[in-house]
Amino acid sequence: MSDHYYNADDLAKFGNIAEYQKEMGDKFFSYYGEVFKDGHLTAKEKSLIALAVAHAVQCPYCIDAYSSDAYEKGYSEQQMMEAVHVASAIKGGAVLVHGVQMMNKVKKISM
Amino acid sequence: MIKSLKVLNNPLSNADNQLAILEDKKLHSHASFKAKLVASDLYPLRANAVEILQINVGKMCNQVCKHCHVDAGPDRKEIMTMETMQLCLAVLAHSSIKIVDLTGGAPEMNPNFRWFVTEIKKLNKHIIVRCNLTIILANKKYHDLPTFFKQHDIEVVSSLPSFTKDRTDRQRGDGVFEDSIKALQMLNAVGYGVSEDNLQLNLVYNPAGAFLPPSQQALEIEFKDELFKNYGISFNNLFAITNMPISRYLDYLLSTGNYDSYMEKLVNAFNPAAIKNLMCRNTISVSWDGFLYDCDFNQMLELPVSPSNSRHLSDFNLNDLTNREIVIKQHCYGCTAGAGSSCGGEVAN
């Protein structure tokens with residue numbers, strides 16, 4: 001066992017998850033492949049969405065994978081950072097919008 | 001402007017040193033290209049025709065691109081002489097070769113370039129010129145190149161790694177994007193790239209970094225949209241080419257710590273379906289001094305064609321060259337990764 005939780009080499013072993021549950025693993029990767037194909041959104045557009053989501057869910061493997069993929073597909077550094085800001089704004093907004101709940105509660109119990 | 005590896009006396013300007021790195025098992029433990037071919041029942045790799053003569057008329061260039069496999073630049077003085085061009089013409093006159101692909105360096109900088117083109121055209125061959133675009137703006141004497149190309153019905157193939165200034169200039173040098181756009185507009189103005197039927201203007205994309213090209217089809221759509229929307233530029237096809245891990249690009253990979261991961265990408269993306277249409281199977285590459293190679297990359301690695309009796313224009317033996325065994329090394333992974341790569345773009349479709 002390694003003494004840390006994340007290892008960059010493990011990204012290449014992602015496919016191994018099917019080892020313990022082949023049917024579900026195979027279905028997942030088939031679905032994953034289908035999702036990222038050109039559709040009503042292009043594969044390039046999907047890559048940028050994936051990059052933003054990767055930051056929102058703070059997955060280091062996904063950030064590595066989709067930083068490369070989005071850059072390779074032609075997005076500029078500025079476009080990629082704007083996508084990260086979109087993730088940040090949504091995450092920040094998700095925190096702040098709960099402030100309304102806090103305000104509601106405080107207003108209810110205060111004089 | 002940066003200097004060539006050769007002028008800098010960089011060890012990587014030596015072909016043997018490049019091959020030593022590519023074959024060094026301590027640097028990476030990937031399967032040999034030969035083993036991959038054997039496993040796919042594709043060894044030995046053989047040519048099946050000689051339809052294209054790709055002639056490198058010299059290493060002199062007005063640009064110094066970071067990925068250049070020729071290590072070309074203004075400081076390179078190797079130029080094909082008229083005598084060697086005459087040997088090319090003799091070979092063309094006595095063979096069924098249909099296409100002549102002129103490359104460099106900037107082929108237009110060879111002082112006998114226009115004479116050579118005119119003589120090839122008299123032999124009724126289709127001519128491709130790999131024009132770097134900026135040469136058209138580099139000096140007044142080149143401003144009429146679009147008209148010259150048109151008069152000789154030349155297919156123009158030009159590198160443009162991105163439809164943005166930033167990425168293009170990072171790979172090809174400051175100011176290259178702006179001059180490339182002006183040159184493309186000049187080519188459009190004389191009729192290049194505006195019709196499917198004649199005056200073909202094709203662009204070449206190659207990655208500006210340590211990664212493989214994305215889908216050629218998706219790139220072409222995007223390049224066409226962006227170049228037309230922003231600059232009113234049209235072109236016919238976009239060819240996506242993989243950067244070969246040799247010469248200046250190998251230097252870039254090593255100096256940035258990307259070499260191993262890039263080779264891993266190439267090896268993991270090996271696609272047996274790309275083998276059928278590899279350019280080495282129907283092309284002979286000619287160096288500025290008249291020697292013969294399987295491709296421009298083998299030329300730069302000084303790996304001559306296998307038939308020892310036909311390694312120079314003066315000994316050109318079409319029969320022996322047609323069925324020759326292709327000389328392969330680890331760099332060949334560059335042409336078989338993903339959708340494959342050639343001077344005409346993807347090959348596995």
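The values are calculated or read from the model by the stated rules, or taken from the named source; none is laboratory data. Predicted, not measured: the structure shown is a model, and the values here were computed from it. Every residue, glycine as well, gets a Cβ built from its backbone with ideal geometry; the counts of neighbours run over all protein chains shown. Please note that ligands, DNA and RNA were not included when accessible areas were found on the heavy atoms of the full protein model with its side chains. Shrake-Rupley method; radii C 1.70, N 1.55, O 1.52, S 1.80 Å.
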Over chain B, with every protein chain in place, what whole percent of the accessible area is carbon and sulfur at 1.4 Å, could you tell me? 51 percent
For the range A:93-106, Karplus-derived ³J(HN,Hα) couplings (6.51, -1.76, 1.60; θ = phi - 60°; whole Hz; x for glycine and proline) come out as x, 5, 5, 5, 5, 6, x, 5, 4, 4, 5, 4, 5, 4
Quick one: length gained pulling residue B:217 to residue B:123 fully straight, 0.36 nm per residue minus the C-alpha distance? 30.4 nm
Between residue B:94 and residue B:48, what's the calculated FRET efficiency when r is the beta-carbon distance and R0 is 22 Å? Round to 0.05. 0.60
Determine the per residue accessible area of the protein assembly as shown with all protein chains present and a 1.4 angstrom probe, expressed in square angstrom. 49 Å²
Once both labels are modelled 7 Å past Cα along the beta-carbon direction, what's the residue B:41-residue A:111 spacing in nm? 9.1 nm
If you take the square roots of the eigenvalues of the alpha-carbon gyration tensor of chain B and sort them as a ≥ b ≥ c, do you get rounded (a/c under 1.5), prolate (a/b over b/c) or oblate? rounded
Whole-Hz ³J(HN,Hα) for each residue in the range B:275-280, computed from phi via Karplus 6.51 cos²θ - 1.76 cosθ + 1.60 with θ = phi - 60°, x for glycine and proline: what do you get? 5, 3, 9, 4, 5, 5
Of all DSSP beta bridges in the range B:1-137, antiparallel share, percent nearest 5: 10 percent
Sort out for me the Cα centre separation of the range B:141-167 from the range B:30-61, rounded to whole Å. 28 Å
Within a Cβ distance under 14 Å of residue B:47, other residues only, what is the Lys/Arg minus Asp/Glu net charge? 0
In the structure shown, of B:98/B:329; B:6/B:66; A:73/B:150; B:66/B:125; B:3/B:59, the pairs separated by more than 23 angstrom at the C-alpha atoms are B:98/B:329; A:73/B:150; B:66/B:125
If you roll a 1.4 angstrom probe over the protein chains with everything in place, what fraction of the accessible area of chain A belongs to carbon and sulfur, to the nearest %? 64 percent
So who's got an amide H within less than 5 Å of the one on residue B:80, skipping anything under 5 residues away but keeping other chains? H placed 1.01 Å off N, in plane. B:58
Quote the FRET efficiency, to the nearest 0.05, computed for residue A:5 versus residue A:95 with a Förster distance R0 of 25 Å and r equal to the Cβ-Cβ distance. 0.55
Counting alpha carbon pairs within less than 8 Å and at least 6 residues apart, what relative contact order, in whole percent, applies to chain B? 23 percent
Express in whole angstrom the spacing between the alpha-carbon centres of the range B:274-330 and the range B:195-212. 24 Å
12 Å beta-carbon shell around residue B:33, net charge (K/R +1, D/E -1): +2
In square angstrom to the nearest 100, the accessible surface buried at the A/B interface, both sides summed with a 1.4 Å probe, amounts to 700 Å²
Using the Cβ atoms and a cut-off under 15 Å, what net charge is assigned to the surroundings of residue B:309, where Lys and Arg are +1 and Asp and Glu are -1? -1
Phi to ³J(HN,Hα) by Karplus 6.51 cos²θ - 1.76 cosθ + 1.60 over the range B:75-92, Hz, x for Gly, Pro: 8, 8, 9, 6, 9, 5, 7, 5, 5, 5, 4, 5, 5, 4, 5, 5, 5, 5
For Cα pairs less than 8 Å apart in space and 6+ apart in sequence, what is the mean separation divided by the residue count of the range A:23-111, i.e. the relative contact order in percent? 23 percent
If I model a spin label as a point 7 Å beyond the Cα along the Cα-Cβ vector, how far apart are those points for residue B:15 and residue A:36 in nm? 3.9 nm
The convex hull of the Cα atoms of the protein assembly as shown, divided by residue count, gives a volume in Å³ per residue of 205 Å³
